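Novice: Below is a structure I'd like to ask you about.
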């Protein structure tokens with residue numbers, strides 16, 4: 001008797017039902033939310049088991065949107081993402097752990113020319129068929145990074161003390177994946 005092996009399934013992000021956000025404190029009193037408009041992700045699973053999943057994600061840094069054209073231009077500049085020289089930020093998983101709805105994904109995040117390990121909390125929302133027979137899966141991801149660790153060091157001191165932009169960046173993503181083939 002041979003042993004059965006799980007079939008590898010591929011999933012792709014459904015960008016019209018997904019959003020990638022970040023949140024940063026401004027003036028140390030309010031939060032500014034930004035998104036990336038151009039992004040993609042691929043996930044490979046062995047059957048439906050997240051434990052052996054492989055995740056890769058990229059976002060086009062020039063697609064940043066914070067609802068302020070001047071600020072977006074500054075974020076694309078060499079002070080921050082340097083989008084002309086470094087057009088994409090990337091994430092590639094190295095480990096996924098958890099069970100049920102609660103998971104952690106660890107991987108290498110590359111921004112500009114700096115790659116560092118990060119761990120994100122993942123809430124698995126399950127799978128469903130859409131009205132056209134496509135299998136979809138839902139994920140919510142959250143975590144924090146220190147932007148200075150990735151070479152995003154620009155800031156301005158405030159007259160009353162403190163800084164214009166916090167070092168901590170919160171990452172929030174609502175992702176819908178579509179099963180391929």
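The values are calculated or read from the model by the stated rules, or taken from the named source; none is laboratory data. The shown structure was predicted, so the numbers you read here are calculated from the model rather than taken from an experiment. A quick note on method: Cβ atoms are made from the backbone with ideal geometry, for glycine too, and the neighbour counts reach across all protein chains shown.
Novice: Could you please give the count of residues in region 129-144 that are touching a strand residue (DSSP E or B) at 6+ places or on another chain (Cβ under 7 Å), without any contact (Cβ under 8 Å) to a residue 12 or more places away in the chain and not in a strand (DSSP E or B)? Break it down into steps so the answer makes sense when it comes.
Specialist: Of region 129-144, the ones touching a strand residue (DSSP E or B) at 6+ places or on another chain (Cβ under 7 Å) are 129-130, 134-144.
With without any contact (Cβ under 8 Å) to a residue 12 or more places away in the chain added as a condition, the list becomes 129-130.
Then keep just the ones that are not in a strand (DSSP E or B); that gives 130.
Residues flagged as touching a strand residue (DSSP E or B) at 6+ places or on another chain (Cβ under 7 Å), without any contact (Cβ under 8 Å) to a residue 12 or more places away in the chain and not in a strand (DSSP E or B) within region 129-144 amount to 1.
Novice: Follow-up. Identify the residue in region 116-128 that is without any contact (Cβ under 8 Å) to a residue 24 or more places away in the chain and surrounded by 13 or more Cβ atoms within 10 Å (Cβ to Cβ) and, among all such residues, is nearest to residue 179 (Cα to Cα).
Specialist: 123
Novice: Taking residue 69 as meeting all but one of (1) farther than 19 Å from residue 141 by Cβ; (2) touching a strand residue (DSSP E or B) at 6+ places or on another chain (Cβ under 6 Å), write down the number of the exception.
Specialist: (2)
Conditions tested, residue by residue: (1) out of contact with any helix residue (DSSP H, G or I) (no Cβ under 6 Å at 6 or more places or on another chain); (2) farther than 20 Å from residue 170 by Cβ.
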position	(1), (2)
41	yes, no
53	yes, yes
62	no, yes
70	yes, yes
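Novice: Just checking, which of 86, 57 is in contact with a strand residue (DSSP E or B) (Cβ under 6 Å, 6 or more places away or on another chain), free of Cβ contacts under 8 Å to residues at least 60 places away in the same chain and not in a helix (DSSP H, G or I)?
Specialist: On the way: 86 fails: in contact with a strand residue (DSSP E or B) (Cβ under 6 Å, 6 or more places away or on another chain).
Exactly one of 86, 57 is in contact with a strand residue (DSSP E or B) (Cβ under 6 Å, 6 or more places away or on another chain), free of Cβ contacts under 8 Å to residues at least 60 places away in the same chain and not in a helix (DSSP H, G or I), namely 57.
Novice: Could you say which residue among 79, 14, 48 is within 14 Å of residue 139 (Cα to Cα), surrounded by fewer than 18 Cβ atoms within 10 Å (Cβ to Cβ) and modelled with pLDDT under 90? Give the steps one after another, and end with the answer.
Specialist: Numbers: 79 fails: within 14 Å of residue 139 (Cα to Cα); 14 fails: modelled with pLDDT under 90.
Result: 48 is the single residue among 79, 14, 48 that is within 14 Å of residue 139 (Cα to Cα), surrounded by fewer than 18 Cβ atoms within 10 Å (Cβ to Cβ) and modelled with pLDDT under 90.
Novice: Go through region 149-178 and give me each residue that's within 19 Å of the chain's Cα centre (by Cα) and either at pLDDT 90 or above or at positive phi (or both).
Specialist: Once the filter is applied, which keeps residues that are within 19 Å of the chain's Cα centre (by Cα) and either at pLDDT 90 or above or at positive phi (or both), region 149-178 yields 149, 151, 170, 171, 172, 173, 174, 175, 176, 177, 178.
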